[in-house]
1. From the list Gln359, Gln365, pick out the single residue that is farther than 30 Å from Asn231 by Cβ, buried (at least 19 other Cβ atoms within 10 Å of the Cβ) and not β-branched (Val, Ile, Thr).
2. Note down all Cβ pairs under 7 Å where the first residue falls in segment 61-78 and is within 10 Å of Thr277 (Cβ to Cβ), the second is of a type in the set (Gly, Ala, Ser) and at pLDDT 95 or above, and they're at least six residues apart or on different chains.
3. Just to verify a result, which residue in segment 145-155, among those that are part of a strand (DSSP E or B) and touching a Leu at 6+ places or on another chain (Cβ under 8 Å), is farthest from Ala95 (Cα to Cα)?
4. Which of the following residues is under 30 Å from Val265 (Cβ atoms), surrounded by 15 or more Cβ atoms within 10 Å (Cβ to Cβ) and either of a type outside the set (Asp, Glu) or in the same structural domain as Gly130 (by TED's automatic domain parsing) (or both): Leu71, Leu27?
5. Can we say Leu226 is under 26 Å from Ala116 (Cα atoms) and part of a strand (DSSP E or B)?
6. Does Leu271 count as modelled with pLDDT of 95 or more, of a type outside the set (Lys, Arg) and assigned to a loop (DSSP other than H, G, I, E, B)?
7. Pick out, from segment 87-129, the strands (runs of 3 or more DSSP E) lying fully within it that include 3 or more residues that are under 29 Å from the mean Cα position of the chain (by Cα), among the hydrophobic types (A, V, I, L, M, F, W, C) and closer than 12 Å to Asp260 by Cα.
8. Just to verify a result, which residue in segment 306-359, among those that are part of a loop (DSSP other than H, G, I, E, B) and of a type in the set (Phe, Trp, Tyr), is farthest from Pro52 (Cα to Cα)?
Amino acid sequence: MKKIFAALFFFSSILTASFTGNAVFELGGKHGWGMLQYTENIQMCPGKYGNPGISLSSSVPKITQETDLYLNFDSPSIVEETSSYTVVSSNMRFAGAEQAKLGAGAAMCSPHIKTAGLVLKPQKGSFFGGESSAGSFTIEFWIAPSVTENGSIILQWYSSYFERERLTDQHIIAQIIQNKLQWNFFNIWQDKYNNGISIQLKGRTNLIPSQWSHHLITYDEEIGLLEYRMNGHTENIVYITENGRESDAVLLSKMGHAADLSIGVQYSGMLDEMKITKRFVEQPTFSEQTALFDRYHLNGGRFESLIIDSGGSLSEAKMLTVSVDTPVQTDAVFFIRSGENRYTWTDTEPAWKPVHSGQAITGMQGRFFQIAGNLYPDAEGQKTPIIHSISLEYEKDSEPLPPARLFAVPKDGEIELSWTPSIDFDVKGYMIYYGERRGEYFSAGSPLNVGKVLSYRIPNLHNGKIYFFAVAAYDDEAGTRVGTFSQEVWARPRKE
């Protein structure tokens, strides 16, 4: 992964202002998680005391250019994510993350509603938009039926087309028949005589009430293979060819007029992650079959905070305190890194140092800090740690102290200043301030950056005029982090 830090500097300056006078950086809790600059497989979730926490996000499918329809049911207001379909009506109820298979929610359907749970209108160019061949496609979804009654319909599409001045009806239906899921394709393909044919693929595995199962049907237009899989395993296949065998001539498909897609008709139960893709999906590997049931990515997730500007070049991290829940087999590990020049930071440099909550941190100094964390699920991919808040305590590098004593010796048209060194060991130099009124150092040339010296002669002054002087130390190479003024002294230039 490649991250760009330049965009973070504005936020770093905001952090600097908020830390004046204290040495704690807060993430989460009542402060929220707005200071995260990078997340992978991480989502917001309910935390303690009504505040948001963060946890692993579900391993939900990703949208690609081949995705035709995607319904994640993650919010009460149902939205088709590809914009290829618009919602005509919805009678589905929202179920939260605890009941969902993946993501932040699922749809709850009731058989007592006479109309479909959800009706979608296809846009031109979509799979159910009609007026084209079916092409290669995949339809998939998760269901957890309350009961496995005959006639419960997961999805249905009715349409028609004209062929030789004759109207031909057609449909695609996925429904529960005798405790199994059955797919019906009526007049989607035509035989060699251009007559529509009916294709039925019935599952062999019984559905178990209230238990989630994954269903996928996929078609390869190159070889005519139509395959139905349940939980990653093949349930039924058919070759849509002239003689119904592999390697025969593939029959042509035809989708009729655009028509609405109905979902959840007389169906009682849960529905989640419905997706249509315009391509054939190859047989999953064993690891892919296993991962199908993982609620969370087994590789875990990661977050990184914004770069924290402590305001001082030698600030020192002291302790990281984390409020986190870790169910059995889950884990959360944390890291900190520091440095002086944030402009040179990369993904790996400066190196990340592992730290433990509540334990003292040693050897971590610099002006800038960054916090990261890795979250890991249990072995079954069903549980996630939840982080409620993070606090980084650090010792803020104070501004350099001024010289304890300052001396002024008048000369002809100039004043010679000398001072004792600042007791701070990281001083990079000194600034001289001078003017013609007490506390007002506005004379031309003021302030003067004289570097790391302990005396300096200021020229081009007027004999007999009184001048006031103060010296301050700075502890950065650019001379921008200047401390407070020394005690003020005054003198009048004069001829010897």
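The values are calculated or read from the model by the stated rules, or taken from the named source; none is laboratory data. Not measured: the values here are computed from a predicted model. Note that we place each Cβ from the backbone using ideal geometry, even for glycine, and neighbour counts take in every protein chain shown.
1. From the options Gln359, Gln365, the qualifying one is Gln365.
2. Asp68/Ser84; Asp68/Ser126; Leu69/Ser84
3. Within segment 145-155, the first condition is being part of a strand (DSSP E or B), and the residues that meet it are 145, 152-155.
Retained after the next criterion (residues that are touching a Leu at 6+ places or on another chain (Cβ under 8 Å)): 145, 154-155.
Working: Pro145: 14, Ile154: 17, Leu155: 19 Å.
My answer is Leu155.
4. Leu71
5. no
6. no
7. On the way: elements: 93-96, 105-109, 118-122.
Result: empty, no element qualifies.
8. Within segment 306-359, the match that is farthest from Pro52 (Cα to Cα) is Trp345.
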